[in-house]
Amino acid sequence: MLKSKQINRTLSILGMVIAIAIAYSVLVYLNKEQGTSGVQKSSADEEANASGLMYNDLGDFIASNHTFYNETLGWGRERFVSWSKQRKQAELISSSLEKLTVENEDLQQDLSTINDLAASVVSGSKDKDALIKLHRFFHDLDIDYNDYKDTTDYFDVTKYKGENE
């Protein structure tokens, strides 16, 4: 009877160890898959940049960056920041802003602030607050400039409030 209980306990522990090992293997596999798809996206972005394609339209620039920050920082993801990915995006933002021009003073001030925040990330700063501010600027500008309506959240960080240029 005592031997039977020991065998059952040993088998139970062995079963748990195997279950944990399988779960861990699945998580590692899924992480690798997620990283690979990110690499493929990044190479497509790098090809576009290498061929000289930048944002020709301010609305596309705003929407694209808003999407990037939603995907990399939104819904709690700011706890797991990929600083190399954020630095590359900040470089893209800075180089795009060199080519984009606007006539609205408030919008220009917002873009200047975005450029300053991006520059701090490019310089190697690992300040999550700068990333969160970038996300909020693009979020509010997407609402005000592109009439984005997929949310009721508004951070009120921009000077530009949807006025005609």
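Scanning region 71-104 for residues being within 11 Å of the chain's Cα centre (by Cα), modelled with pLDDT of 85 or more and not in a helix (DSSP H, G or I) gives a total of 2. Is it true that Leu100 is in contact (Cβ under 8 Å) with a residue 24 or more places away in the chain, among the hydrophobic types (A, V, I, L, M, F, W, C) and within 25 Å of Asp150 (Cα to Cα)? No, not satisfied.
Going by the structure shown, is Ser64 part of a helix (DSSP H, G or I), within 11 Å of the chain's Cα centre (by Cα) and free of Cβ contacts under 8 Å to residues at least 12 places away in the same chain? The answer is yes for Ser64.
Scanning region 70-100 for residues that are in contact with a Phe, Trp or Tyr (Cβ under 9 Å, 6 or more places away or on another chain), among the hydrophobic types (A, V, I, L, M, F, W, C) and more than 15 Å from Ala119 (Cβ to Cβ) yields one hit, Leu100. The single residue among Ser125, Ser120, Ser112, Ser82 that is of a type in the set (Ser, Thr, Tyr), out of contact with any Pro (no Cβ under 8 Å at 6 or more places or on another chain), closer than 22 Å to Asp57 by Cα and in the same structural domain as Phe61 (by TED's automatic domain parsing) turns out to be Ser112. Scoring Gln86 on the criteria (1) within 16 Å of Phe155 (Cα to Cα); (2) touching a Leu at 6+ places or on another chain (Cβ under 7 Å) leaves a single failure, condition (1).
The residue pairs whose first member lies in region 113-128 and is surrounded by fewer than 18 Cβ atoms within 10 Å (Cβ to Cβ), whose second member is modelled with pLDDT under 95 and of a type in the set (Phe, Trp, Tyr), and whose beta carbons are closer than 6 Å, counting only pairs six or more residues apart or on different chains, are Lys126/Trp83.
The values are calculated or read from the model by the stated rules, or taken from the named source; none is laboratory data. As the structure is a computational prediction, the values presented were derived from the model and not from experiment. With ideal geometry, Cβ positions are generated from the backbone for all residues, glycine too; neighbour counts draw on all protein chains shown.
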